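Working notes for the structure below.
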Amino acid sequence: MKLKDLQNEGALDRFIRLFVAETFFLGAYFWTGGIWQIILYALGIISLVTSLTGFCALYKILRIKTTTAAPLSVYAKIGSLIVFLIVAIAGSYYSAFFTKKLFLDDYNRMNTYYKQTLFYTGQEQRDAAIANYDNLVNQYSAFYEKYTIYHPYAIRSDSQFNSDIGKVSTTITSLKETVYSGSLQEAHLSLESVRPLFQDILKRNNFSLLAISLVDFHDAMEKILTA
């Protein structure tokens, strides 16, 4: 039996499946990690294969056929191909841009509490240090859990990333007793070791040089103010 005899999808149905496959692949590559990435890739492959072959096993079970629909004209096929290419190019560009932006948003949300904790431990203001430290632990825990599994496009080639954020996690979580009842200056010095790790991550992965310069400027000003 020839494949043509098994086909139960019409031309429009197959083109729609092609676009659906494209969406799944973009979502898997740029937006997810772990089990969700595997699921989206699997769905994308299924959509692509059924689109290319024109055969859907589920249609076969449910006795559905869309081959009776009117075939697409040559112009419609060319137009669909152009739209497919535009979605692929624009989708890749904007996915890379926005996943990088979202990463920075998550980083800055966590980093705000890090800077506050660093400041208040340096000033030996325990109550404020504890309040900001607790927020830092919560925010960094969410950041660490998300980005050890999911690597956005901007950091995907960084082989040191997981190792570095693991070191940060160890440093932050080990300071609870020190922040709560120990030497705040000791906690401050330990927290200082976190900053170079994140600066290296930003520099390695070509994040905004302005953002990195501002962090360096903040370091210099803190030393001047302390002196």
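The values are calculated or read from the model by the stated rules, or taken from the named source; none is laboratory data. This structure is a prediction, so every number in the text was calculated from the model and none was measured. In this analysis, Cβ positions are derived from the backbone assuming ideal geometry, glycine residues included, and neighbour counts consider all displayed protein chains. What goes into the accessible areas is simple: the full protein's heavy atoms, side chains included, and nothing from ligands, DNA or RNA. Shrake-Rupley method; radii C 1.70, N 1.55, O 1.52, S 1.80 Å.
Net charge in the neighbourhood of A154 (other residues with Cβ under 13 Å of its Cβ; Lys, Arg +1, Asp, Glu -1) is +2. Qualifying GluC sites (Glu not before Pro) in segment 119-198, where qualification requires a DSSP coil assignment and no more than 14 other C-beta atoms within 10 Å, comprise E124. Ellipticity at 222 nm from helices only: DSSP H runs of n ≥ 4 in the chain, each -39500 (n - 2.57), divided by the residue count, give -25500 deg cm²/dmol.
Using alpha carbons only, how many degrees (0 to 90, rounded to 10) separate the axis of helix 34-53 from the longest principal axis of the chain? Between helix and principal axis, roughly 20 degrees.
Diffusion of segment 48-115 by Stokes-Einstein, at 10 °C in a medium of 1.306 mPa s and with Rh set to the Kirkwood radius over alpha-carbon pairs, works out to 97 µm²/s.
When a 1.4 Å probe is rolled over the protein heavy atoms, the share of accessible surface on the chain that falls to carbon and sulfur comes to 65 percent. Taking the chain as a Gaussian network of alpha-carbon nodes connected by springs under 10 Å, the highest mean-square fluctuation of the residues R204, R63, R195 belongs to R63. In the chain, taking the dipole from charged Cβ atoms about the Cα centre, the farthest positive-side position among Q160, N111, I78 is held by I78. Global dimensions of segment 73-196 from alpha-carbon coordinates: Rg and Dmax equal 21.0, 76 Å. Between the beta carbons of Q185 and N162, assuming R0 = 30 Å, the FRET efficiency works out to 0.45 to the nearest 0.05. Extent along the principal axes, Cα only, for the chain: 82, 34, 27 Å, with the longest axis given first.
3J(HN,Hα) along segment 57-62: 5, 5, 4, 4, 5, 8 Hz, from the Karplus curve 6.51 cos²θ - 1.76 cosθ + 1.60 with θ = phi - 60°, whole Hz, x for Gly and Pro. Spin-label pair N206-K146: with each label point 7 Å from Cα along the Cα-Cβ axis, the two points sit 2.3 nm from one another.
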